[in-house]
Amino acid sequence: MIGNIKSPKPRKIFRLQLEIDKREYSFLPSKKYCSNKYSLVPLRERDVESIRKWRNEQIDILRQNKPLTKDEQSKYYHQVIKKSFYEKKPKIILFSFLIKNTCIGYGEEEENIKKLIKELNLEEQVLFLRNISQDLKNALVAKSNIFVMPSIVYKKSVEGFGIAYIEAAQYGIPSIGGKDGGAADAIIHDKTGIIVDGNNLDDVYSSIVDLLTENKFIEFGKAAKDNSNNFHWDNVIQKYIKILN
């Protein structure tokens, strides 16, 4: 009997997938929002597994208690997300971020960096840490001499405020940040760190050497810690109150 069961034709499977991807939030005027080759569409079922893997790779940032299983992710999609498509006021709205109809995530830069590290014979000096606890991450930052994140403009993406610089400053660690984006709002150039051109490797390199020379990073680190107090919520809320009054 099993031999008589016919598998679904590819065309039918494709048609079914298109129907699934046509799901939309009933309260939104449009199903798809586009900007050049990028687009946002209501979360597609086909992207659920990729998103699960990405979330598990960022478990320390997203503060998940444990990695998500396939069953947990699927159950959440079918019991929570699918219902939200038909609600007038859904409690949660999720989208797939696409480039040419493909859901995008981390890309391939990690592998490129690993190849470069191997070429430069720096494998014993560079570590890639994943899924580490928040406590371990904080401990590693606290034991550092410099926090280096020279952000650049990539296509239409750029670093926002740069909270990571303030988090490092709280531990007395000065930062090297890129001139593009919000680093300048968090770093006082030549006092709590250095603002560089992230596209200029010589600029980044010379800034690292500068801070390490004669332990200059210690002086900058103290200034960075003092400056981080300005970003404590108690102080920030007072500024909001003054503006509102």
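Readers should treat all values here as calculations from the given coordinates under stated rules, not as data from a laboratory. Treat the numbers as computed from the prediction; the structure is a model and nothing was measured. Counting neighbours? That spans all protein chains shown, and the Cβs are built from the backbone with ideal geometry, glycine included.
Compute the Cα gyration tensor for the range 151-245, then decide on rounded, prolate or oblate, letting a ≥ b ≥ c be the square roots of its eigenvalues: rounded whenever a/c is under 1.5, prolate when a/b is larger than b/c in the other cases, and oblate in all that remain. Taking the square roots of the gyration eigenvalues as a ≥ b ≥ c, the range 151-245 is oblate. Among 225, 242, the ranking by other beta carbons within 10 Å of each residue's beta carbon, starting with the fewest, stands as 242, 225.
In percent, what relative contact order does the range 186-226 have, based on Cα pairs under 8 Å that are 6 or more apart in sequence?
Working: 27 pairs, mean separation 18.5, N = 41.
After rounding, I find 45 percent.
Legend: calculated FRET efficiency, residue 122 to residue 31, from the Cβ-Cβ distance at R0 = 41 Å, rounded to 0.05, equals 0.30.
Tell me the net charge near residue 211. Cut-off is 11 Å between Cβ atoms, residue 211 excluded, with +1 for each Lys or Arg and -1 for each Asp or Glu. Provide the component values of the computation, followed by the final result.
Numbers: positive: 216; negative: 190, 210, 214, 219.
Computed value for this residue: -3.
The alpha-carbon of residue 91 sits under 16 angstrom from the alpha-carbons of these aspartates and glutamates, leaving out residues fewer than 8 places away in its chain: 24. With neighbour counts taken as other beta-carbon atoms within 10 Å, the residues 213, 192 rank, fewest first, as 213, 192.
Among the listed pairs 114/225; 143/191; 137/242; 66/137, give every one whose C-alpha distance is greater than 27 Å.
Pairs exceeding the cut-off: 114/225; 137/242.
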